[in-house]
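First the structure, in the form of structure tokens, and then the observations on it.
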Amino acid sequence: MKLTPAIYASSLAVRQEGIDYNSAPPNLSTLANSSLFDTWRPRAHILPPFGQIGDPCMHYTDPETGLFHVGWLHLGAAGATTDDLVTYHDLNADGAPFIVSGGKNDPIAVFDGSVIPSGIDGKPTLLYTSVSYLPIQWTIPYTRGSETQSLAVSTDGGRNFTKLDHGPVIPSPPFAVNVTGFRDPFVFQNSRLDSQLKSAPGTWYAVISGGVHQDGPSQFLYRQHDPDFQYWEELGQWWHEPANTTWGNGDWAGRWGYNFEVANIFSLDAHGYNAGGEVFTTLGAEWSLDPIVPQVSGFREMLWAAGTVCSDKKGNVKFVPTMAGKLDWGTSAYAAAGKELPATSLASKKSGAPDRFISYVWLTGDFYGTLLNFPTAQQNWTGALLLPRELSVGTISNVVDNKLSRETGSWRVSRNDSRRGVVELATLKQEIAREALAALTSGDSFTEPGRTLTAAGSVPFQRLPESKFHVISASLSFPRSSRGNGDLRAGFQILSSEHESTTIYYQFSNESIVIDRSNSSAAAATTSDIDVRNEAGRLRLFDVVGGHGEQRIETLELTIVVDNSIVEVHANGRFAISTWARSWYADSREIRFFHEGSGEVTFGNVTVHEGLYEAWPDRKN
């Protein structure tokens, strides 16, 4: 069903009519359209007023207003502005798009793109993928001319982007390369590339994601040739990986897959964005369980990598990874896109933040379209963007120099103190943006007394949160003996009642944070395709040396954001896993300490922050 604003508005009156959230759920597919609109809708996350959200893309800071523009695919591409990374305002009424398909270059679709804030005539200039033929998929032969890169310019503050009246500025993939894909251009500036390529300072570059059939995934690099961005010089595959290979043994960064998507390139230091800092990329990787005859599937990885920029023997510039990991371990978390947020932006001025790189991740609500029977019409919206994250180079100090710290993983040794037998590790630091985190934790809160558990079971909190909108923060400490204790699991149960619960725990057997969703939704028993598969992501808690020289296991620092059905788990400033937990019963609000197996765990600094915030103050829904 195609949902227009008028249909959406008329449907509000029938939301939740006759639905009893104190009784067992019916088959939800039998309910009226839009009747489940509020049932699982988040409060603090980004999503359109109605309908499906797709990839985040086309972000930028407007140099004239200082507002940060956040974009996403929706009926073309739509977006909002923010001056604080907390509240958002739709660019157009009813969340209408600022660019749609149907032009000479894009008769079929508009895919992801990226904005040069002061481009043609000093105006925001969008380089985007213009689509002329479908289907496009890495497992099938590529149709030449299906994906090209075109320009559009905004003269009205980003509410509309007008396509230039000429052909694509990048009309095809590199000559005679049998690509798996050629899309999602990301524009950026980089002083290391300027130096390596002898470019003028401030030159713009574009990286386009894709791959080569029978060969592997690639990022294709281009350089601005003229002041009006009409011509782009091809610089080849600046990064390529053999098909379906992994970083290290694959434990810490999944698979490179067969095709890259949505690549971003940016440079970071310990404070945030720095054009001369260490080069990072975030990227999506597509893969299949069958390496011989790959099939269309929902297998995707949302990855990051850091690396060096160098030249090969032929003088071609190359990106060589030095560490890699997952930006989000959620199986439906994908398509991250970010942009630098300068200290001069309104948001950064308010918070006193330096230049930063802010990234948003898409949490698809239908597992990439494979959950075909999910009650989409009854809900009238699908998917959301996760909370904004600020990225920087992180440090893990006083780590014991042993095989755990020396493994090829999502970190690298940045300093070695052989006298003390410790190393300092560098990794990607990712945290909820400071403004959003401050707002999430600024309301009413209560502290749960800490405790040490040694016996298996769950212990209810002394107080329940008032709603399904809250943040839990806590520290979990484990004795050194836990390292070899394969059955110890400890964490929290959330959205709990006698009927349903979601369990989040750390286990040492495979160094993972697990979200057990097997009992998360009573509706899954009556309605097909409500996804309740478990989620898991790897996080190593290192052996560290304390202030008095004693060795201990690194403390697990958890922040769990519960926004109705969206659950984000952030840990130790370097880990995130996000998913859906669609609890049904109104009283599924309990939080419980969770312990399983043998061993001891101490819970401390346990605080629950109530209510979250309203991200969309102008919307009536």
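The values are calculated or read from the model by the stated rules, or taken from the named source; none is laboratory data. Values in this document were obtained by computation on a predicted structure and should not be read as measured data. Positions of Cβ are backbone-derived with ideal geometry, glycine not excepted, and every protein chain shown enters the neighbour counts.
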Could you list, in sequence order, the residues of region 507-541 that are within 17 Å of GLY325 (Cα to Cα) and surrounded by fewer than 19 Cβ atoms within 10 Å (Cβ to Cβ)?
ASN510, GLU511, ALA536
Evaluate the following for LEU85: is it over 26 Å from PHE220 (Cβ atoms), buried (at least 23 other Cβ atoms within 10 Å of the Cβ) and at pLDDT 95 or above?
yes
Does ALA426 qualify as being of a type in the set (A, V, I, L, M) and either in the same structural domain as ARG582 (by TED's automatic domain parsing) or closer than 28 Å to ILE566 by Cα (or both)?
no
From the option list GLY119, GLY113, GLY158, single residue qualifying as on the phi > 0 side of the Ramachandran plot, crowded, with 17+ Cβ neighbours inside 10 Å and touching a residue at least 24 places away in the same chain (Cβ under 8 Å) is GLY158
Can you spot a residue in region 521-535 that is out of contact with any Asp or Glu (no Cβ under 9 Å at 6 or more places or on another chain), of a type in the set (A, V, I, L, M, F, W, C), closer than 30 Å to TRP252 by Cα and part of a loop (DSSP other than H, G, I, E, B)?
yes
Which ones in region 20-36 are closer than 24 Å to LEU363 by Cβ, of a type outside the set (S, T, N, Q) and either at pLDDT below 95 or more than 28 Å from the chain's Cα centre (by Cα) (or both)?
TYR21, PRO25, LEU28, LEU31
Within region 37-50, is there a residue that is at pLDDT 95 or above, surrounded by 14 or more Cβ atoms within 10 Å (Cβ to Cβ), at negative phi and part of a strand (DSSP E or B)?
yes
Among residues of region 17-36, those that are without any contact (Cβ under 8 Å) to a residue 60 or more places away in the chain and on the phi < 0 side of the Ramachandran plot, counted
5
Quick one: which strands (runs of 3 or more DSSP E) sit completely within region 575-621 and have at least 2 residues that are touching a helix residue (DSSP H, G or I) at 6+ places or on another chain (Cβ under 9 Å) and closer than 27 Å to THR555 by Cβ?
601-610
Those residues of region 245-267 which are outside any strand (DSSP E or B) and under 27 Å from GLN149 (Cα atoms), in sequence order
TRP256, GLY257, TYR258
How many residues does region 352-373 hold that are at pLDDT below 95 and buried (at least 22 other Cβ atoms within 10 Å of the Cβ)?
1
Between a residue in region 182-199 that is assigned by TED's automatic domain parsing to the domain that holds GLY284 and free of Cβ contacts under 8 Å to residues at least 60 places away in the same chain and any residue that is buried (at least 17 other Cβ atoms within 10 Å of the Cβ) and in a helix (DSSP H, G or I), which pairs come within a Cβ distance under 9 Å, given they are 6 or more apart or on different chains?
SER199/LEU193
Would region 66-73 turn up any residue that is more than 30 Å from ALA438 (Cβ to Cβ), surrounded by fewer than 22 Cβ atoms within 10 Å (Cβ to Cβ) and either of a type in the set (A, V, I, L, M, F, W, C) or at pLDDT 95 or above (or both)?
no
